[in-house]
Amino acid sequence: MGKNQPIGIFDSGLGGLTVARAVKSLLPNEQIIYFGDSAHLPYGDKSAATIQAYSIKICDVLLQHKCKAILIACNSASAAAYDLVKAYVGSKAEVVNVIDPVIYYLDAFFKRRRIGLIGTKQTVGSEIYKRKIEGLNKQITFSALATPLLAPMIEEYFHKNEISNQIIAEYLSQQELSQLDALVLGCTHYPLIKTHIEHFYKGAVEVIDSSEIVAQYLERVLIDRDLISVKQQVGDKFLVSDFTESFQAATTLFFGQNVALEKHVLWE
Ligand code: DGL
């Protein structure tokens with residue numbers, strides 16, 4: 001592994017560009033190879049075994065690009081496939097998921113508090129946050145709610161109107177999410193509705209956007225392994241397993257700017 005090799009980032013689709021954006025803004029010298037598995041999204045409703053199979057195929061692509069680190073930007077894939085990916089990649093690259101950085105953050109700043117989580121059915125059903133938070137022994141009360149309508153709503157640009165505010169309010173009013181001190185946004189898409197959620201809580205609940213926390217964690221890993229790029233790298237790539245104009249348009253939504261997608265079929 002060399003300092004000037006790229007960072008691979010993958011997700012079920014384009015939502016992971018929220019994480020790529022946070023990485024790029026914190027580590028502008030780094031070259032990024034992004035892979036969005038748009039042919040197989042959404043991952044949030046799929047079985048762990050299926051997500052694992054896709055994740056391994058994607059890692060092959062990222063390793064072919066000589067990535068020094070692989071960041072699993074997708075919460076559903078982090079929940080279902082991190083251990084397998086880490087074992088598969090071995091010493092060829094550092095592997096980082098989007099769940100452990102949040103657990104470290106909670107460990108550092110939360111004790112005897114009530115934490116909620118929203119995410120896909122896969123992420124919530126895996127109970128991975130619950131197990132890891134219990135493992136902290138910080139007397140944190142944890143509860144989670146699957147909120148599967150939110151990701152498609154955001155993808156369809158329906159996240160800035162009355163209907164979306166009603167859907168958000170309906171979910172956040174559920175019993176599972178009552179009386180929280182903090183809410184973890186456990187899905188790639190949710191940073192886009194962070195302000196709406198904060199507005200719902202009128203500032204009474206800390207809304208934790210994992211994309212920034214993950215970028216900082218990745219920086220720490222690269223510093224610790226002496227893998228930070230010393231000079232500006234060029235050649236960011238944004239690969240997708242299926243291309244449509246609406247995927248292309250989604251780059252602006254999630255990355256904040258239009259970037260050219262390249263089609264890279266995962267299976268021949
Ligand atoms: N990227 C997924 C996640 O963060 C959300 C979209 C999907 O279900 O594929 O869990």
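The values are calculated or read from the model by the stated rules, or taken from the named source; none is laboratory data. Everything quoted here is computed from the prediction, not taken from an experiment. Ideal geometry is used to build each Cβ from the backbone, glycine not excepted, and the neighbour counts take in all protein chains shown. Note: areas computed on protein heavy atoms with side chains; ligands, DNA, RNA excluded. Shrake-Rupley method; radii C 1.70, N 1.55, O 1.52, S 1.80 Å.
Compare LYS138, LYS86 by solvent-accessible area with a 1.4 Å probe and give them largest first, with all protein chains kept in place. Working shown, then result.
Details: LYS138 45, LYS86 95 Å².
So, going from the largest accessible area down, we get LYS86, LYS138.
At a Förster distance of 35 Å, what's the computed FRET efficiency of ALA260 paired with ASP83, Cβ-Cβ distance as r, to 0.05? Show your work: numbers first, answer last.
Details: r = 34 Å, r/R0 = 0.96.
The computed FRET efficiency comes out at 0.55.
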## Note on the structure
A correct Stokes-Einstein calculation for region 154-268, using the alpha-carbon Kirkwood radius, 25 °C and 0.890 mPa s, returns a whole-number D in µm² s⁻¹ of 142
### Message
Per q in 0.10, 0.11, 0.14 Å⁻¹, report the Debye log10 I(q)/I(0) for the chain, using one uniform scatterer on each alpha carbon and no solvent.
### Response
-0.47, -0.57, -0.94
### Query
If you stretched the chain out fully between THR252 and TYR157, how much longer would it get, using 0.36 nm times the residue separation minus the C-alpha to C-alpha distance?
33.1 nm
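On the protein heavy atoms, probe 1.4 angstrom, tell me the percent of accessible surface of the chain carried by carbon and sulfur.
Details: 6050 of 11960 Å².
The nonpolar share, carbon plus sulfur, comes to 51 percent.
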### Query
Where in region 136-157 does the label zone of THR50 land, with the point 7 angstrom along Cα→C-beta and an amide N cut-off under 20 Å?
146-153, 155
#### Entry: Compactness of region 1-45 - radius of gyration and Dmax, Cα, Å
11.9, 37
### Query
Expressed in nm to one decimal, what extension gain is obtained for the pair GLU170 and ASN137 from 0.36 nm per residue of sequence separation less their Cα-Cα distance?
8.7 nm
### Accessible area per residue, Å², the chain with all protein chains present, probe 1.4 Å
45
### Query
Which value in nm describes the separation of the simple spin-label points at ARG225 and SER91, placed 7 Å from the Cα toward the beta carbon?
1.3
### Summary
Per GNM of the chain with C-alpha springs under 10 angstrom, the most fluctuating residue out of GLY13, GLY119, GLY90 is GLY90
### Cα centroid separation, region 170-187 to region 42-99 (Å)
27
### Message
Can you tell me which lysines have their Cα less than 17 Å from the Cα of LYS86? Leave out same-chain residues fewer than eight positions away.
### Response
LYS57, LYS66, LYS68
